[in-house]
Every structure is written in structure tokens, then in C-alpha cells.
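Asks: What follows is a structure written as C-alpha cells; I'll ask about it next.
The values are calculated or read from the model by the stated rules, or taken from the named source; none is laboratory data. Predicted, not measured: the structure shown is a model, and the values here were computed from it. Positions of Cβ are generated from backbone atoms using ideal geometry, with glycine treated the same way; all protein chains shown enter the neighbour counts. Keep in mind that these areas ignore ligands, DNA and RNA; they rest on the heavy atoms of the full protein, side chains included. Shrake-Rupley method; radii C 1.70, N 1.55, O 1.52, S 1.80 Å.
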Amino acid sequence: MLEQRIELATRTDVTPSPHFPRVRPRRMRRSEPLRALARETELSVRDLIYPLFVVHGTRVREEIASMPGVYHQSLDVLQAEIDEITGLGIPAVILFGLPAVKDEVGSEDYAERGIVQEAIRVCRRVNPDLVVMTDVCMCQYTSHGHCGIVRNGAIDNDETLRYLGMTAVSHAAAGADVVAPSAMMDGQVGAIRAALDSHGFTDTAILAYAAKYASSFYGPFREAADSPPKFGDRRQYQMDPANAREALREVALDIEEGADMVMVKPALAYLDVIRRVRDQFDYPLAAYNVSGEYAMVKAAARNGWLDEQKVALEIVAAIKRAGADMILTYFAKDVARWLA
Ligand code: PBG
């Protein structure tokens, strides 16, 4: 009896079929056309948003040391840049400005003729179809380098909201399509929505930096934007890198306050957060492939340690696979060329 059972088991379960293994995933990897048919994530130039750093002056085009290929540019030079971006098929830019002077309340942030406001007008003029986004924050504009108004050595959340509202309105008035608050103040999306609406800018969209982490990957950007805080750090307002559930609460709040799109930032070390936001919310999702992520690839490539093109494409595709609909990346122009 026992022997019989053993024999049966041997015949049905254990004896390898002459054609084992029956399931062979490698069949679909045999050639590029087969792989292309089965491909789940397709990167497109249409997904890309290119960050630009604009400065005062004329004929300024200075490469940022820690971000090879990325420049500080004056408005007269910006025209050629926009033409190039347009020619590559990149649909959107996000503008960051370096003011002529910084002060306690970041006056140039919301000045009618501020550097970003003027850059928006240049973009509009050169290519009316370009989606013009702006970063709405205070750190580049304040003498202390914090993202808000400082009172008694601390960042005053509610006072800052007023300034962020004014800044967003000044960007909308200059022609921005999308304003992207990145100060991580509580209520910033609601305050900006209210300010925009009360000034008649009901069509200006908000891309909320909803889950923005207190990340060390912003290092090169802070050099580029001259925006490191002069005292303390940003951990009292930006998120703790250890937290993912909290990101879902931040996203829910921003949607409630009127965000049209939400963002996770940085991207690469936070792919799990991108995935969770994608699964939980049906809103357009952006991810910011930040300066440090770019600088690492550039540095390794310069040393001959990585293949820049392959690694950059893999990273951007991974961010999309994780669930991002759009990607802010300093690789945008390169990716556009590589995909062409
Ligand atoms: C402004 C802002 C920062 C970045 C985008 N907007 C810097 C910061 O929060 O310190 C970082 C972008 C990058 O690293 O590429 N608050």
C-alpha cells in the first residue's frame, strides 16, 4: 500500500517532463520586438518637466559645478534655451529664480518684475504652448535661507501662507500655467488656491509638493539656488525620510485643499512612496528626480564607472514604473535626445 502510494507520487509529481520547464519567461525576452510587445512601462518625452535656473544680468550662461549640463541663465539667453526645449518636444519647464537681493521677507519672490515673473513672460512669448510651472517657495529669496517667514528664530507657518499666496498670484499674473508650492507649510495649498481664486486666476493649476522630504539629496540644488538655511535645517517643515504613511496623509490634505496634481520628492530613494500614492489616489502624480540623484550619475559617469545614458534611462523608467505620470528631471533634454 505504502509502496504503491510512493510510486504514484513519483509518477505524477516528481518525474520531470521531457519538456521541463514548461513555463519559460525567457521566451518573451528573445528579441527586441518581443520585449517591446511585452513592455509594461514606456518612457515618453511627453512625461518630462525640465527645471531651469534663471538669474539677473545679460549673456549669463554659467554651468553649475555640481550639476554638469545645467546652467544659470539670464533672460536674454533663456530664449535659445526655450527654443531648444521646444525642439526636443519637452512639454513643460519649472522655473527657479535667483534674486538680485535677498531680505528677511523675500521681497523679490512676489515682485511684479521679479526674476521668475520676467522669465515666465519670456517663456510665454517664445512658446505660448509650453507649460510653464513655477516653484513657490521662499528659501532662494530670504536672507536666512528658510522657506518661510522667521519670527523669534522659528518659521511662522501662518504668516508664511500670506507670502506664498502673494507669490503664486504674481506668477499667475505673469502667465504661469501651474504653480508648485514647495515650502511644506501647513495649509499652503488651500491658501494659494484662495489667493488665486480671489484674484481671478481660477484656471491656474496647483502642483503640490505634497510629500517633500528633508533630504540630503538637495545638496547640489542648494548650491545652484544659493538657498541653504543660514541656521538650523528644514526638518521642522520637510518630512522625515523614515515615514511613508505620513506621506499619504500629506497627499490627502493637499487634495482636500485643492491640489490639481501632487508630487513626491525626491524620487529615487522614495519609489515605495510613489507607488503607495499612486495606488491610493487618482490624481496626476509627479516625482522629482532631484539634484543629488542627477549629480551622482554625472560624477560616476565622468569617472567611467557608469554608462550615463543607460543608467539615466533606467532611473527615469523606474520612477515611471513606480507610478509617476510626470517626472521633473535635469536629464530631460538628454532623455528627449536618447528617445528620439
Ligand atoms: C525649494 C526647493 C528645493 C528643491 C526644489 N525646490 C530645495 C530645498 O527644499 O531645500 C530641490 C530640488 C533639487 O534638489 O533638485 N524649497
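Asks: Yes or no: region 150-159 includes at least one residue that is within 13 Å of the ligand (Cβ to nearest atom), touching a helix residue (DSSP H, G or I) at 6+ places or on another chain (Cβ under 9 Å) and of a type in the set (A, V, I, L, M).
Replies: Applying the first criterion (within 13 Å of the ligand (Cβ to nearest atom)) to region 150-159 yields 155.
If we keep only those that are touching a helix residue (DSSP H, G or I) at 6+ places or on another chain (Cβ under 9 Å) as well, we get none.
No: zero hits.
Asks: Filter the strands (runs of 3 or more DSSP E) completely within region 27-90 down to those with at least 3 residues that are closer than 22 Å to Leu313 by Cβ.
Replies: By residue number, 48-55, 67-74.
Asks: Hey, another quick one. Does any residue in region 317-329 that is at pLDDT 95 or above come within less than 7 Å, Cβ to Cβ, of a residue that is basic (Lys, Arg) and in a helix (DSSP H, G or I) six or more places away or on a different chain, and which pairs are these?
Replies: Once the first residue is at pLDDT 95 or above and sits in region 317-329, its partners that are basic (Lys, Arg) and in a helix (DSSP H, G or I) give Ala322/Arg275; Gly323/Arg275; Gly323/Arg278; Ile327/Lys320.
Asks: Looking at region 199-224, which of its residues are open to solvent by 50 Å² or more (accessible area, probe 1.4 Å) and either more than 8 Å from the ligand (Cβ to nearest atom) or in a loop (DSSP other than H, G, I, E, B) (or both)?
Replies: Of everything in region 199-224, those that are open to solvent by 50 Å² or more (accessible area, probe 1.4 Å) and either more than 8 Å from the ligand (Cβ to nearest atom) or in a loop (DSSP other than H, G, I, E, B) (or both) turn out to be His199, Gly200, Phe201, Thr202, Asp203, Ser216, Glu223.
Asks: Further question: Could we say that Tyr163 is aromatic (Phe, Trp, Tyr) and open to solvent by 20 Å² or more (accessible area, probe 1.4 Å) here?
Replies: Yes, satisfied.
Asks: Quick one: Ala317 ticks every box in (1) of a type outside the set (D, E, K, R); (2) open to solvent by 10 Å² or more (accessible area, probe 1.4 Å); (3) within 16 Å of the ligand (Cβ to nearest atom) bar one, so which box is it?
Replies: That leaves (3) as the condition not met.
Asks: Could you figure out which of (1) closer than 24 Å to Gly165 by Cα; (2) within 13 Å of the ligand (Cβ to nearest atom); (3) outside any loop (DSSP other than H, G, I, E, B) isn't true of Ser227?
Replies: (3)
Asks: Can you name the strands (runs of 3 or more DSSP E) wholly within region 97-192 that have at least 3 residues being closer than 17 Å to Phe53 by Cβ? Outline the logic, then answer.
Replies: Values: elements: 131-136, 149-151, 154-156, 178-181.
It comes to 131-136.
Asks: Right, something else. With respect to Ala312, determine if the residue is within 15 Å of the ligand (Cβ to nearest atom), under 28 Å from Ser66 (Cα atoms) and not in a helix (DSSP H, G or I).
Replies: Spelling it out, it is not the case that Ala312 is within 15 Å of the ligand (Cβ to nearest atom), under 28 Å from Ser66 (Cα atoms) and not in a helix (DSSP H, G or I).
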